[in-house]
Amino acid sequence: MSVIIDGKELAKKIREDLAKEVVEIKKNGINPKLAVIMVGDDKASKVYVKNKSKACEEVGIEYEEYLLKDNIEMEELLKIIDKLNNDKTVHGILLQSPIPKHLNIKEAFNRIDYKKDVDGFHPINVGKLTIGEDAFISCTPFGVIKMLEHYNIPTEGKNAVIIGRSNIVGKPLIQCLLNKNATVTICHSKTKNIEEITKKADILIAAIGVPKFVKENMVKEGAVVIDVGINRNEEGKLVGDTDFDNIKDKASYITPVPGGVGPMTIAMLMNNVVKASKNLKR
Ligand code: GUN
């Protein structure tokens with residue numbers, strides 16, 4: 001019998017706890033504020049941004065949105081980031097990706113003051129996480145770790161296998177799991193005999209963006225399976241990177257899609273904005 005990890009419920013609890021904390025910090029004159037920059041009108045980004053603004057409202061975080069035309073010049077985008085970096089009332093800055101191809105996304109992300117980098121994408125935060133210093137942690141990996149902790153899933157000495165090596169999910173997850181004393185293996189598109197590796201996983205995390213990539217024969221009996229994927233199938237239905245229906249009875253714990261990792265990402269973003277406001281003390 002496997003446990004279906006309820007990310008929706010846990011994320012709600014995290015938001016409620018943060019809302020209580022925000023009431024307290026506001027008494028000390030700190031008014032947490034998130035500024036979100038979106039360039040162009042990517043359909044999926046619009047949904048993500050709307051969900052972020054809703055979560056801010058729920059938690060009591062002030063929310064400011066910059067909707068920029070898709071033909072904006074790089075210089076103009078950097079000017080807006082600089083303005084927000086210097087604005088003492090803004091604690092968190094988030095540049096929604098993707099942005100149009102003529103813009104340099106790395107340069108834009110790196111321009112965000114690392115103290116306001118609530119996405120945890122800035123090289124300083126990535127470096128701090130790597131050497132075990134206090135850092136903003138990328139929200140999805142952070143959410144995965146919170147789930148494991150909440151369900152008391154042990155990591156120490158466990159074989160954790162991550163599929164996918166993105167800068168946003170796979171790579172920071174290596175560090176997060178290492179910090180929790182797991183033995184970490186990362187697989188990617190060039191990995192040979194991937195099922196030989198995944199079958200040894202006590203904790204298997206799929207973050208590749210390929211619908212139902214992880215099949216039942218790739219999973220060890222009793223493994224913990226975390227699905228980071230958010231894909232749309234031919235019918236427009238949301239599906240993860242794992243074949244949930246055929247794996248769920250084999251896994252000890254498993255996350256569904258939707259209602260698993262997705263809501264946790266936004267909850268951890270809220271957590272990071274509150275943390276930024278406390279760090280900046282204003
Ligand atoms: N686009 C999709 N997910 C994310 C995210 O977590 N942060 C940013 N900045 N852009 C995204």
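Please treat every number below as a calculation from the coordinates, not as lab data. Keep in mind that what you see is a predicted model, and the values were worked out from it rather than measured. With ideal geometry, Cβ positions are generated from the backbone for all residues, glycine too; neighbour counts draw on all protein chains shown.
Brief remarks on what is shown
- Scanning region 81-107 for residues that are within 13 Å of the ligand (Cβ to nearest atom) and either assigned to a loop (DSSP other than H, G, I, E, B) or under 19 Å from the mean Cα position of the chain (by Cα) (or both) returns G92, I93, L94, L95, Q96, S97, P98, I99, I105, K106.
- Inspection of region 93-110 identifies at least one residue that is in contact with a helix residue (DSSP H, G or I) (Cβ under 7 Å, 6 or more places away or on another chain), surrounded by 14 or more Cβ atoms within 10 Å (Cβ to Cβ), closer than 27 Å to A11 by Cβ and not aliphatic (A, V, I, L, M).
Residue by residue, here is whether (1) in a strand (DSSP E or B); (2) within 16 Å of the ligand (Cβ to nearest atom) holds:
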site: I226; (1), (2): yes, no
site: E235; (1), (2): no, no
site: D245; (1), (2): no, no
site: G259; (1), (2): no, no
site: G262; (1), (2): no, yes
site: M268; (1), (2): no, yes
site: V273; (1), (2): no, yes
site: S277; (1), (2): no, no
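- Residues satisfying the stated conditions in region 26-66, i.e. buried (at least 17 other Cβ atoms within 10 Å of the Cβ) and of a type in the set (A, V, I, L, M): I30, L34, A35, V36, I37, M38, V39, V49, A55, V59, I61
- Boolean, I72 is more than 25 Å from I137 (Cβ to Cβ), away from the ligand (no atom under 16 Å from the Cβ), in contact (Cβ under 8 Å) with a residue 12 or more places away in the chain and outside any strand (DSSP E or B): yes
- Of all the criteria given as (1) in contact with a Phe, Trp or Tyr (Cβ under 7 Å, 6 or more places away or on another chain); (2) over 17 Å from G164 (Cα atoms), the one not satisfied by A206 is (2).
- Test: residue in region 258-268 that is within 25 Å of S2 (Cα to Cα), touching a residue at least 24 places away in the same chain (Cβ under 8 Å) and surrounded by fewer than 19 Cβ atoms within 10 Å (Cβ to Cβ): yes
- Under the condition of being near the ligand (Cβ under 9 Å from one of its atoms), of a type in the set (A, V, I, L, M) and in a helix (DSSP H, G or I), the residues counted in region 31-48 number 1.
- Residue tally, condition charged (D, E, K, R) and under 22 Å from P123 (Cα atoms), over region 151-191: 3
- Restricted to region 144-167, and to residues there that are buried (at least 16 other Cβ atoms within 10 Å of the Cβ) and more than 24 Å from M218 (Cα to Cα), the residue that is farthest from the ligand (Cβ to nearest atom) is H150.
- Selection count, region 108-143, where residues are of a type in the set (S, T, Y), assigned to a loop (DSSP other than H, G, I, E, B) and away from the ligand (no atom under 13 Å from the Cβ): 0
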